[in-house]
Amino acid sequence: MAKCILLSALLLLLFAPLQAQRQEINELFKKLETAQDDSMRWYCNIQLSANLMRINFDSARMYGERSLEWADKLQNPSCKARSINTLGAVYWNKGDHEQALKYYFQAMEISNTYNSQALYSTILGNIGLIYSDRKDHKLALEYLLKARKIKIETKDTIGLVRTLNNIGKVYTESNKPDSALIFYYECLPYFDKLPQLKQGKGIVLNNIGSILMDKKDNSGARKHLEASLKIREEIGDKGGMAVVLGNLGLLAQNEGNITEAIRQYERSLALSEETGSLTDKQDAWKKLYILYAEQKQFDKAFDYLLKYSNRQDTIYKKESAENIAEMEVKYQTAQKEAEIKVLESENRVRNLINYGALAGILALLVVLWLSRRTYRQRRLLQQATIDRLESERKVVSLNAHLEGQQRERLRISEDLHDDFGSGLSKISLLSEVVKKKAPMPELDKISASAKELLLKMSEIVWALNHRNDTLPSLAAYIRRYTSGFFEDTGIRCLFDIPDDLPNAPLTGEIRRNIFLVVKETLHNTLKHAGAGRVEITFAVNHHELIIQIADNGKGFDQKTISKAGNGLINMKNRMTTEGGDYELESEPGKG
């Protein structure tokens, strides 16, 4: 089956593709096409459903239902239970808990009937996690504990570790730390036999350390947190290292060791900078600002305050004003105490005068330093305000320019439709009328040319109209064009376009290039493929749009593609120009 994949250069829909998963999905499609028995067809459909559930809900559901149909034909209860279980996972991934539970309970009943303990315990765990998502901790624990018992009986070590960890998390969420510790400790010995689960061990150790820290067991907390950090360092998990270092910093802060707390927070911040985790960075900035302020290292405290504030001018000004007011109060208090001491003993007047002079000089230096710092802060705030206003001015100017372009495009499209469109329609109609009265070959050519120009004019009007600058409009136009293109050809056209396509904006140039590549692909299919069926699929994966066109035609040898002219090269160039990609797969006899 030939597959032509268009990856559009959408400003909000481009993300690095999951190459490994795409390759696996393509391999499954190939296996499904060549499958010779019902067992292989069932396997390919259930695997496609599992792989597509995080990419396209409708496709995942479709292949899951197809796998269930093949399981019924096989009359295999194990296959049927697994298909139903997969459909439950598809709905769970969508967030439809009610439908997911419905499928899981069906699968659980079937697996229990034919005594498949492994699948039965897995389904119990899934049900428990759904109840945990719904904050029904009592029911969640009921199903997870049942799953734990079966995992122990069947000696499913990996499944047991995951179940124990999930039980610990549910107890933690339900504010029962002692019960959580019991199950976290229970799963730790199994990690020594499962070196492939190092990351999981690091997570469990960090969870134990966090609970012990809340229980004021600082020694035990440090032991587990440091063990977790060592594992994260071995596997290169920088995000996990940042979390553990943050906990170690909090532990040191609780113990009053501010220097160690700052060191650990600084290390956590450095790793957060590498991973790009804004939440971890903001947390570290806040903690470091507070600790440096307590240490009276105001320059560093101010640096972290600026980063943490991030345009929160009101909070920043409030904190700055409070700091200045506090120092002014301290200075005034020192002056009053000096005056009282002068009144208490006239014999110490000279010394008090000297002390007062020194205090005045120091106070003057403090005031000058504060004034300079306040001035710098005000300048920074003023510059930030100027930069923000300039950015807003540029945005307004750009919006006005774009709005003018859109109005001009709309005017041109309306003129083309009203003037040229009506003229071409009149030519086509008159040629048909004259042809009926005096048939002539030239009139057929005139009528055909007028219809062809009218169709091209319709495409140009569609491309110019800015109201069509959205992804759903592009999909609707491709569906309408394709249906008309194959209407009298005998080729059956199938569409798989999700109903919930995001209303993402597209420029007219991007829409036009994508449509022209689709149009050229359909033209090649009609002209060369000898196909009886064409399938067009739209799928959105996070920020990536995939358009797949497949036919069941005669195919061709891709080694001869260089002799096929410039059509395929032009299609690839159009997509590359827009920042996307175009891929072609085919072989003789298989479309």
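Read-outs: derived from the displayed coordinates by stated rules, not from any lab. Please read these numbers as outputs of a predicted model, since none were measured by experiment. FYI the Cβ positions are ideal-geometry reconstructions off the backbone, even for glycines, and counts take in every protein chain you see.
Cα gyration tensor of segment 80-125, axes a ≥ b ≥ c as square roots of the eigenvalues: rounded (a/c below 1.5), prolate (a/b > b/c) or oblate? Please list the in-between numbers first.
Numbers: a/c = 2.29, a/b = 2.11, b/c = 1.08.
In terms of gyration-tensor shape, prolate.
When +1 charges are put on Lys and Arg Cβ atoms and -1 charges on Asp and Glu Cβ atoms, the dipole computed for segment 229-296 relative to its Cα centre reaches about 140 debye. A dipole drawn for segment 146-288 from +1 and -1 charges on Cβ atoms has a positive end, and of GLN264, THR279, VAL161 the residue lying farthest that way is VAL161. Packing here is the average count of other Cβ atoms within 10 Å per residue, and on that basis the peptides 188-198, 259-269, highest first, run 259-269, 188-198. The phi-based Karplus calculation (6.51 cos²θ - 1.76 cosθ + 1.60; θ = phi - 60°) puts the 3J(HN,Hα) values of segment 216-230 at 6, 8, 5, 5, x, 4, 4, 4, 6, 5, 5, 5, 5, 4, 4 Hz, whole numbers, x for Gly and Pro.
The Cα-based radius of gyration and maximum Cα-Cα distance (Dmax) for segment 153-220 are 12.0, 38 Å.
Please give the charge dipole size of segment 162-233, origin at the Cα centre, charges +1 on K and R Cβ atoms and -1 on D and E Cβ atoms. Round to the nearest 20 debye.
Its charge dipole is roughly 160 debye.
Ordering of 571-578, 245-252, 553-560 by packing is 245-252, 571-578, 553-560, highest average first (other Cβ atoms within 10 Å, averaged per residue).
Charged neighbours of ILE262, selected by a Cβ distance under 11 Å, balance to +1 (K, R count +1; D, E count -1). Using a cut-off of 20 Å between Cα atoms, the listed pairs LYS135/LYS223; LYS281/LYS307; LYS80/LYS146; LYS30/LYS554; LYS238/LYS281; LYS527/LYS590 include LYS135/LYS223; LYS80/LYS146 as exceeding that distance. Near ASP496, the amide H atoms lying under 5 Å from its own belong to ILE536, THR537, PHE538; only residues 5 or more places off or on other chains count, and H is placed 1.01 Å from N. Rounded to whole numbers, the Karplus 3J(HN,Hα) couplings from phi for segment 124-138 are 4, x, 4, 4, x, 5, 5, 5, 5, 4, 8, 6, 8, 5, 5 Hz, using 6.51 cos²θ - 1.76 cosθ + 1.60 with θ = phi - 60°, and x at Gly and Pro.
Once a ≥ b ≥ c are taken as the square roots of the eigenvalues of the Cα gyration tensor of segment 83-162, is the result rounded (a/c under 1.5), prolate (a/b larger than b/c) or oblate (a/b not larger than b/c)? Oblate shape, in that a/c is at least 1.5 and b/c is the bigger or equal ratio.
Charge tally around GLU233: other residues with Cβ under 14 Å, Lys/Arg +1 each, Asp/Glu -1 each, net +2. For ASN552, nonlocal amide neighbours, meaning residues 5 or more places apart or on other chains whose placed amide H falls under 5 Å from its own, are GLY532, ARG533.
Give, in whole angstrom and from largest to smallest, the semi-axes √(5λ) of the equivalent ellipsoid of segment 114-269, with λ running over the eigenvalues of the Cα gyration tensor. Walk me through the numbers on the way to the answer.
Values: eigenvalues 200, 58, 29 Å².
After scaling each eigenvalue by five and taking roots: 32, 17, 12 Å.
The listed peptides 65-73, 383-391, ordered by packing as a protection proxy, come out as 65-73, 383-391 (highest mean of other Cβ atoms within 10 Å first). Volume per residue for segment 466-586 equals 110 cubic angstrom (convex hull of Cα atoms).
Here the Karplus curve 6.51 cos²θ - 1.76 cosθ + 1.60, taken at θ = phi - 60°, turns the phi angles of segment 56-63 into couplings of 8, 4, 4, 5, 4, 5, 4, 5 Hz, with x standing for Gly and Pro.
Quick one: net charge around GLU520, please, counting Lys, Arg +1 and Asp, Glu -1 for every other residue with C-beta under 12 Å from its C-beta. Please report the intermediate quantities before stating the final value.
Working: positive: LYS519, LYS527, LYS572, ARG574; negative: none.
Residues close to GLU520 contribute a combined charge of +4.
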